[in-house]
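Scroll down for the structure; my scribbles are underneath it.
The values are calculated or read from the model by the stated rules, or taken from the named source; none is laboratory data. The model shown is predicted, which means the values in this text are computed figures rather than measured ones. Virtual Cβ from ideal backbone geometry, glycine too; neighbours counted across all protein chains shown.
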Amino acid sequence: MAKTTLDDIAGWAGLSRATVYRAFPGGREAILGATVDTELARLFSDLAVVMGEAKDLEEVLVAGMVETARHLHDHRAIRYMLVHEPGVVLSHMAFDQMDRVLATASSFAAPFLGRWLEPDQAARAAEWAVRITFSYLLTRSPRLDPTDRDDVGRLVSRFVLPGVLALRAPARPTRSAAHKLKTTR
């Protein structure tokens, strides 16, 4: 991608450079942005189907995590980029860029979790699920394949779901809050 020029793109598309500029006045960067937006829309469309069909909270978490992992793992362009230009992809997985990725993905996923959780709980659970999915995708753990429904199901039932369900529980008073309560009586 670093060496790809607007002339390259125009040639592959069978168009003149001027025609490409008319369609994408921002040039190469506008084309790359439009490509990312299109691929993100495809991912979210696929996710909406599988997450929308879920019958319970555990199922929606597993479906969303597995579909995301499969989509990203099986995407030819992303695989190519990770092998040949990993810095391009990984730069979006760190610092401020990752915050934007998390916010976008969490905003998308939260309404699906909102069928079983309060909005703030759904937003937190969505962010956890996104972080976990990306973590397993980037580290390639020998213990868990993020594209395998059974592996992710075990992870969700043992670790993710208990944490998410704990969000529903009333907050326990901290030691200092409990101490204040005793001393004010």
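Here's the yes/no breakdown for (1) touching a residue at least 12 places away in the same chain (Cβ under 8 Å); (2) of a type outside the set (K, R); (3) surrounded by 12 or more Cβ atoms within 10 Å (Cβ to Cβ); (4) out of contact with any strand residue (DSSP E or B) (no Cβ under 7 Å at 6 or more places or on another chain):
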site: F24; (1), (2), (3), (4): no, yes, yes, yes
site: E29; (1), (2), (3), (4): no, yes, no, yes
site: E39; (1), (2), (3), (4): yes, yes, yes, yes
site: V50; (1), (2), (3), (4): yes, yes, yes, yes
site: E58; (1), (2), (3), (4): yes, yes, yes, yes
site: L61; (1), (2), (3), (4): yes, yes, yes, yes
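Taken as a whole, the structure leaves R100 outside the set of residues that are in a helix (DSSP H, G or I), of a type in the set (D, E, K, R) and within 19 Å of A2 (Cα to Cα).
Taking residues in the stretch 1-15 that are more than 24 Å from L82 (Cα to Cα), and partners anywhere that are assigned to a loop (DSSP other than H, G, I, E, B), the pairs with Cβ atoms closer than 8 Å and at least 6 places apart or on different chains are A10/S16. Would you confirm whether or not the stretch 80-91 contains a residue that is under 30 Å from R158 (Cα atoms), free of Cβ contacts under 8 Å to residues at least 60 places away in the same chain and surrounded by 12 or more Cβ atoms within 10 Å (Cβ to Cβ)? Yes, the stretch 80-91 contains a residue that is under 30 Å from R158 (Cα atoms), free of Cβ contacts under 8 Å to residues at least 60 places away in the same chain and surrounded by 12 or more Cβ atoms within 10 Å (Cβ to Cβ). Of the residues L72, L117, the single one that is among the hydrophobic types (A, V, I, L, M, F, W, C), surrounded by 15 or more Cβ atoms within 10 Å (Cβ to Cβ) and outside any helix (DSSP H, G or I) is L117.
Go through the stretch 1-22 and give me each residue that's in a loop (DSSP other than H, G, I, E, B) and surrounded by 12 or more Cβ atoms within 10 Å (Cβ to Cβ).
Quick first cut of the stretch 1-22, residues in a loop (DSSP other than H, G, I, E, B) only: 1-5, 14-16.
Those that are in a loop (DSSP other than H, G, I, E, B) and surrounded by 12 or more Cβ atoms within 10 Å (Cβ to Cβ): M1, T4, L15, S16.
Here's the yes/no breakdown for (1) at pLDDT 95 or above; (2) outside any loop (DSSP other than H, G, I, E, B); (3) hydroxyl-bearing (S, T, Y):
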position	(1), (2), (3)
G33	no, yes, no
V36	no, yes, no
V49	yes, yes, no
K55	yes, no, no
A63	yes, yes, no
